[in-house]
Amino acid sequence: MVVYWIMKKFSIKTFGCQMNVHDSEKMAGILKASGMAQAEDQSDADIIIFNTCSIRQKAEQKFRSELGRIKSVKKKRPGVKIAVAGCIAQQRGAEIFKRAGHVDYVIGPQNIHLIGDMVKSEGVKKTALEDNPDIAGLELPALRGEKGRAWVSIMYGCNNFCSYCIVPYTRGREKSRASESILREIRGLAKDGFREVTLLGQNVNSFRSDTDFPELLHKINEIEGLKRIRFVTNHPRDLSDRLVEAMERLDKVCEHIHLPLQSGSTRILGLMNRGYAYGDYKEKIDKLRDRMPDISITSDIIAGFPTETDKDHGDTVKALGEIGFDGIFAFKFSPRPGTAASLMEGQLPEDLKAERLHEILRIQDGITLVKNKGLEGSIADVLVEGLSQTDGDRLTGRTRTNKIVNFKKDPGISAGSIIRVRILEAKKHSLKGEVV
Ligand code: SAH
Ligand code: SF4
Ligand code: F3S
């Protein structure tokens, strides 16, 4: 008798931040190592994983509609297993089974190392949601989605409890990896041809294990073959002078920092439990620019936090003008279950939040365009990421300052290479260039 072994296939759909993107790469790495293959399409997968985000209500809604859609898939192919991973999994837990009977597994971000065993288990519904005190000691294989640049986790969780934020509840307390384990991983990546690493954590600059963050950057900077080092995200309070010095001194550390401000009003920052006043933040920006005049600075802003007055909002608008960010991500405040801000008096109506958000975005768009116009005619090193998603005749990549540059396709240029590009034209969210 001939026994045919049919390889099971998995598909992962990812929502949310870079941490989730990289967690999905790790889950894919684990499943591949356990003998499964990545499905070309969700429709031919035996295991469908949703790696979810609950940072704002909108993110949760997106996932809910996906979950509804997938019900019919399970009806047609009852053998398909469905897993919910990520921050909604952690937050809602086994409640998900009640609301969505077609889900088989619920696995939180601290337990992704268990995904391989989980999907092999038969029958009953399973959860993996416990706190994982050993998470920083794990070394998981990752099936990386990109050529040239790679995500590398250096710390997990968050201790900050900003009053609006769900992350400390879904990702647990801060834990940092040992430096040798991080260095080993990055040396391996450099050997495999990766040119850029982005160090990941909810609060990377509070990294502390056997070394601190500036010291870790020094060590990574020495790795042969590696060309670029990035890191996200930074908390303004933890941006030390030593980190600024390290950024200035180390040639591989890129001239970009993402430093979420959240609000220009010191009163609102207090209610947000951010631990700095607007003046403190501005001082850090001045220090960064003093040392690195061409550094690009991006940020996050929340519009319409509880009790925010026209004056508070005006302070944020003023801050945008004063600082001149290269770009921002801005969001309407979204009350998240269990957070302090969701219970505060003085919640604002949706239309007022939307109005303020639009004003913030409109003003920033103007600032970004002026900044980008200033780059026209200059030449920049671009790490090529691949074909542009909107134009198959163009390649896309990023400058060291993290600006997206699109330029004409060339058979001699492949993803992962670093080339010199002249900036021809600035747009709101990207630059147009030509290879020199
Ligand atoms: N750890 C990162 C941020 C993670 S969340 C940091 O502290 O910088 C990314 C962004 O989402 C935050 O910076 C914040 O601007 C936004 N955000 C978080 N919770 C939110 C909420 N409840 N409503 C609206 N925006 C929120
Ligand atoms: Fe959330 Fe604040 Fe932690 Fe960032 S630092 S993840 S905003 S609690
Ligand atoms: Fe979302 Fe969790 Fe990241 S809530 S933003 S996936 S940490």
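Taken together, the values in this text are just the output of simple stated rules run on the coordinates, not laboratory data. Predicted, not measured: the structure shown is a model, and the values here were computed from it. Here the Cβ is made from the backbone with ideal geometry for all residues, glycine too, and neighbour counts use every protein chain on show.
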* Which whole-number value in Å³ per residue fits the convex hull of the alpha carbons of the range 146-254? -> 99 Å³
* Structure fact -> GluC sites (Glu not before Pro) in the range 1-106 lying in a DSSP loop, each with at most 16 other Cβ atoms within 10 Å of its Cβ, come to E40
* Restricting things to alpha carbons, tell me how big the range 1-86 is in terms of Rg and Dmax, in Å. => 14.2, 55
* Structure fact -> Per the charge dipole of the range 143-264 (beta-carbon charges, Lys/Arg positive, Asp/Glu negative, Cα centre), the residue among A246, A178, F194 reaching farthest to the positive end is F194
* **Cα centroid separation - the range 279-303 against the range 364-434, whole Å** => 23 Å
* **Of K409/K432; K75/K126; K58/K81; K62/K147; K71/K98; K147/K409, those spanning more than 23 Å from alpha-carbon to alpha-carbon** => K58/K81; K62/K147
* Roughly how many debye, to the nearest 20, is the charge dipole of the range 9-128 about its Cα centre, given +1 on each Lys and Arg Cβ, -1 on each Asp and Glu Cβ, and no other charges? -> 520 debye
* To do: With the Cα gyration tensor of the chain in hand, convert its eigenvalues to equivalent ellipsoid semi-axes via √(5λ) and list them largest first in whole Å.
  => 35, 29, 22
* Asked: In a GNM of the chain with a 10 Å cut-off on Cα contacts, which of R398, R422, R184 has the highest mean-square fluctuation?
  -> R184
* Determine ³J(HN,Hα), in whole Hz, for all residues of the range 174-191 in sequence, where each value follows from phi through the Karplus function 6.51 cos²θ - 1.76 cosθ + 1.60 and θ = phi - 60°; x replaces Gly and Pro. => 5, 9, 9, 6, 5, 4, 4, 5, 5, 5, 4, 4, 6, 4, x, 5, 4, 5
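Calculate, in nm to one decimal, what K76 and E322 gain on full extension: separation in residues at 0.36 nm each, minus their alpha carbon distance.
On the way: separation 246, 0.36 × 246 = 88.56 nm, distance 5.71 nm.
Length difference between fully extended and current span is 82.9 nm.
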* To do: Select from I419, T401, L383 the residue farthest towards the positive end of the dipole of the range 379-435; place +1 on Cβ of Lys and Arg, -1 on Cβ of Asp and Glu, and compute about the Cα centre.
  => T401
* Structure fact -> In the neighbourhood of S240 defined by beta carbon distances under 11 Å, the net charge of the other residues (Lys, Arg +1; Asp, Glu -1) is 0
* So what is the orientation-averaged projected area of the range 379-435, using the convex hull of its C-alpha atoms, in nm²? -> 3.4 nm²
* To do: Kindly point out, ordered by number, any Cys in the chain whose beta-carbon has no other cysteine beta-carbon under 4.7 Å away.
  => C17, C53, C87, C158, C254
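Of K318/K371; K191/K287; K227/K403, which pairs sit farther than 27 Å apart, going by alpha carbon to alpha carbon? Don't skip to the answer; put the middle values down first.
Values: K318/K371 17 Å; K191/K287 35 Å; K227/K403 17 Å.
Where the Cα-Cα span goes over 27 Å, the pairs concerned are K191/K287.
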* Asked: Just how large is the dipole of the chain about the Cα centre, in debye to the nearest 20, putting +1 at every Lys and Arg Cβ and -1 at every Asp and Glu Cβ?
  -> 1240 debye
* Asked: When ranked by the protection proxy of mean other Cβ atoms within 10 Å per residue, highest first, what sequence do the peptides 290-298, 305-313 form?
  -> 305-313, 290-298
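Placing unit charges on C-beta atoms (Lys and Arg positive, Asp and Glu negative, everything else neutral), compute the dipole magnitude of the range 77-171 about its Cα centre in debye, rounded to 20. Spell out each step's value before the answer.
On the way: 12 positive and 9 negative charges, 93 e Å.
So the magnitude is around 440 debye.
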